[in-house]
Amino acid sequence: MAFDRLKRSPPKEDSEAAAKRLAETFDQALVQRSKVFLSFDADVTSLGSMTGTVHRFTRHSLFIETTSITSVSSRWNGATVTCFFKLRESRPRPRDIFYMFRTTLVDSRPGQQGAIVLELGFPASLESGQRRKSIRVTPDRDKFAQIAIWRYGQGQSLNLRDPLADMERFQNGAAVLQDISAGGLRLVLKKGLIREKGLDLSTNPRFVVFLHFSESLPRYPDEIWLVARATFSETDFVTGDVRLGLEFIGEGVADPGTGKVSWKKVVDHNVEAVAQRTCQWHIELYRDKGIL
């Protein structure tokens with residue numbers, strides 16, 4: 001009997017240690033005012049995602065304060081919600097650590113200055129996510145109202161009338177967006193398109209990329225211009241198709257009045273407007289299909 005009790009004690013200790021680590025993690029989220037992305041299942045609300053911060057927590061509940069919404073329907077209670085947040089770790093070297101968890105909405109109540117406080121069930125565990133800028137997602141084409149790519153040769157001006165690939169090319173499969181992250185994207189260009197455009201990849205050319213997202217995201221533009229350089233290319237010697245990797249080095253937003261694009265250098269391989277999109281798409285995949 002004593003031996004049986006001895007064998008059963010480690011799981012209890014492990015459970016207590018796990019609970020302590022969870023509490024420490026959310027304590028840090030509270031201290032750092034970490035932004036929490038929340039995404040309900042599609043049959044609950046049409047909102048793609050909302051954001052908030054950790055207000056407080058107990059052994060059984062996690063309270064998130066949000067200004068993304070002005071009211072909550074009572075039918076949301078009991079609904080499943082997917083949450084995603086990050087913590088900044090300074091040692092042994094500075095880095096961002098991302099976490100995901102799924103839980104349920106217990107209740108909601110008015111907060112201060114028009115905010116809403118969501119009471120969530122305290123999660124039993126957390127799943128460690130990737131660094132957001134490294135999250136690569138293969139989005140459906142319907143996530144974009146327009147995609148276009150131009151060659152930006154050295155010493156040459158950009159000819160907007162002659163894109164290397166536009167939305168029609170992506171729709172008919174001549175160009176394929178393999179995946180995209182906050183730092184770049186990967187394409188597959190068909191042999192026929194390479195020949196038609198006379199694309200020479202031996203000089204590691206630069207490109208201009210235009211993305212028009214089909215869904216609006218609060219505080220972020222629906223359209224973005226990017227300058228990217230080729231970091232690798234490889235040819236399929238059977239099909240002649242080319243797989244091309246591009247790294248974002250400049251980002252810009254067009255002034256709706258003048259049409260002129262204001263440019264800035266990409267810092268730390270991270271385009272925030274793209275990071276927000278890939279983060280949301282990643283949450284949707286995790287919520288719908290359990291893909292990490």
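Every number here is computed from the coordinates shown, using simple stated rules; none is lab data. In this text the structure is predicted, and so the values were computed from the model without any measurement. Ideal geometry is used to build each Cβ from the backbone, glycine not excepted, and the neighbour counts take in all protein chains shown.
Amide H contacts for SER108 (H built 1.01 Å from N in the peptide plane; partners 5 or more residues away or on another chain; cut-off under 5 Å): GLU119. Note on GLU16 and SER202: the model spin-label points, each 7 Å out from Cα along the C-beta direction, lie 7.0 nm apart. When you filter the trypsin sites (Lys or Arg not before Pro) in the stretch 55-149 for DSSP loop state and at most 11 other Cβ atoms inside 10 Å of their Cβ, you are left with ARG59.
Under the simplified labelling scheme, the ASP142-ASN172 pair shows an inter-label distance of 2.3 nm, with each label point 7 Å from Cα along Cα→Cβ. In this simple spin-label approximation, ILE249 and THR67 carry label points 7 Å from Cα along the Cα→Cβ vector, and these lie 3.9 nm apart. Largest GNM mean-square fluctuation across GLN178, GLN113, GLN280, computed for the chain with C-alpha springs under 10 Å, falls on GLN113. Tilt of helix 272-289 relative to the longest C-alpha principal axis of the chain, in degrees (0 to 90, nearest 10)? The answer is roughly 60 degrees.
Angle check, please: helix 2-31 long axis (alpha carbons) against the longest principal axis of the chain (alpha carbons), in degrees 0 to 90, nearest 10. Compared with the principal axis, the helix lies near 60 degrees. Which value in deg cm²/dmol, rounded to the nearest 500, describes the helix-derived mean residue ellipticity at 222 nm for the chain, given -39,500 (n - 2.57) per DSSP H run of n ≥ 4 and division by the residue count? -6500 deg cm²/dmol, from helical runs alone. FRET efficiency for the TYR220 to ALA79 pair, using the beta carbon distance and R₀ = 22 Å, is estimated at 0.30. Of the residues VAL72, VAL36, ILE149, the one whose Cα sits farthest toward the positive end of the charge dipole of the chain, with +1 on the Cβ of Lys and Arg and -1 on the Cβ of Asp and Glu, is VAL36.
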